[in-house]
Amino acid sequence: MTTLAAGFDLKGRSAVVTGASGGLGFAIARGLALAGADVRVHGRDPIRTAEAVARIVAEGGRATAMIADLEDEQALTDTVATIGPLDILVNNAGRRDRRPLADLTRADVRRMLEVNLVAPFDLVRLLAPGMRAGGRVVNVTSIAGPIARAGDAAYTASKGALEALTRALAAELGPRGTTVNAVAPGFFATDANAGMVADAAVAQHLRSRTALGRWGKPEEIVGAVLFLASPAASYITGQVLAVDGGYTAHF
């Protein structure tokens, strides 16, 4: 193995990926596992999560299920207590509620923040002390953090806050050798976005607004996360890498 290739080898490393029973989270968990990591696949639904684990194992990866409700503080604390020494944490789980401002209540906003901001904060708080030297935290934010559109205020605010938290955690955890970075996805063709993927108007928007002119495929998020989670990114922290087909660079 060349020195360069060794920089992306995750053999012997352990990882937790939240929201990994489907969509981008599954693609990330699968990618880390196939790169050699022993991955805990987090989900709320035991059946879906077990199926995700089975798919990864069938391909030769090492994976186990981690069932937890990220909004339940005690349950999350109890689950984290069962995790041994950790190398990589990927905070991918997220919630979205696309509604106009007038249709959202305080409770709606709080539910979004619980999953998109408070849970990542809590997981880092609980897991960072037990991370081995050279630990990696990768938060999955969104291009909806630095840019916005009407009818998505709560989600945009929560992802912008997660981006700010990424910088703050990088500053706080840097002295112990832990890096904290983020990946900001653009438009990805996941099951959760199936309705939008089938919408001809959205397809036309992406053709005109995105440099690559198309939806991203879930597996196309993996390289960015793998890089930031690997030894190859040992001197990178507090950064946000947009994986958006050029959406935020193109007008």
**Item:** Enumeration of residues in segment 24-58 that are in a helix (DSSP H, G or I) and either modelled with pLDDT under 95 or basic (Lys, Arg) (or both)
**Value:** Arg30, Arg48, Arg55
**Request:** Starting from residues that are part of a strand (DSSP E or B) and β-branched (Val, Ile, Thr), keep the ones in segment 11-23 and report whichever is surrounded by the fewest Cβ atoms within 10 Å (Cβ to Cβ).
**Result:** Val16
**Asked** Is it the case that some residue within segment 48-68 is over 16 Å from the mean Cα position of the chain (by Cα), touching a residue at least 24 places away in the same chain (Cβ under 8 Å) and closer than 18 Å to Arg132 by Cα?
**Response** no
**Request:** Hey, can you tell me all the residues within segment 219-240 that are buried (at least 18 other Cβ atoms within 10 Å of the Cβ) and either in a loop (DSSP other than H, G, I, E, B) or polar (S, T, N, Q) (or both)?
**Result:** Ser230, Thr237
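Only one of these is among the hydrophobic types (A, V, I, L, M, F, W, C), assigned to a helix (DSSP H, G or I) and under 15 Å from Ala242 (Cα atoms): Leu173, Leu162, Leu212. Name it. Show your work before the answer.
Details: Leu173 fails: under 15 Å from Ala242 (Cα atoms); Leu212 fails: assigned to a helix (DSSP H, G or I).
It is Leu162.
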**Request:** Go over the candidates Thr179, Thr210 one by one and state the one that is of a type outside the set (A, V, I, L, M, F, W, C) and buried (at least 21 other Cβ atoms within 10 Å of the Cβ).
**Result:** Thr179
**Message:** So Ala211 passes all but one of these: (1) more than 23 Å from Arg95 (Cβ to Cβ); (2) in contact with an Asp or Glu (Cβ under 6 Å, 6 or more places away or on another chain). Which condition number does it fail?
**Reply:** (2)
**Prompt:** Would segment 67-77 turn up any residue that is in contact with a Gly (Cβ under 6 Å, 6 or more places away or on another chain), within 17 Å of Val17 (Cα to Cα) and either of a type in the set (Lys, Arg) or surrounded by fewer than 20 Cβ atoms within 10 Å (Cβ to Cβ) (or both)?
**Reply:** no
**Request:** Would you mind stating whether Phe188 is under 18 Å from the mean Cα position of the chain (by Cα) and among the aromatic types (Phe, Trp, Tyr)?
**Result:** yes
**Message:** Could you check segment 241-250 and list, in sequence order, the residues that are surrounded by 14 or more Cβ atoms within 10 Å (Cβ to Cβ) and either over 14 Å from Arg167 (Cα atoms) or among the β-branched types (Val, Ile, Thr) (or both)?
**Reply:** Ala242, Val243, Asp244, Gly245, Tyr247, Thr248
**Prompt:** Among the residues of segment 205-217, is any in contact with a His (Cβ under 6 Å, 6 or more places away or on another chain) and farther than 20 Å from Arg98 by Cβ?
**Reply:** yes
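Can you spot a residue in segment 98-110 that is part of a strand (DSSP E or B) and either among the hydroxyl-bearing types (Ser, Thr, Tyr) or closer than 16 Å to Val180 by Cβ (or both)?
No.
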**Request:** Only residues in segment 74-95 that are touching a residue at least 60 places away in the same chain (Cβ under 8 Å) and under 17 Å from Pro185 (Cα atoms) count as the first member; pair them with residues that are part of a strand (DSSP E or B) and aromatic (Phe, Trp, Tyr), Cβ under 8 angstrom, at least 6 apart or cross-chain, and list the lot.
**Result:** none
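The values are calculated or read from the model by the stated rules, or taken from the named source; none is laboratory data. In this text the structure is predicted, and so the values were computed from the model without any measurement. All Cβ positions, even for glycine, are placed from backbone atoms using ideal geometry, and neighbour counts span all protein chains on display.
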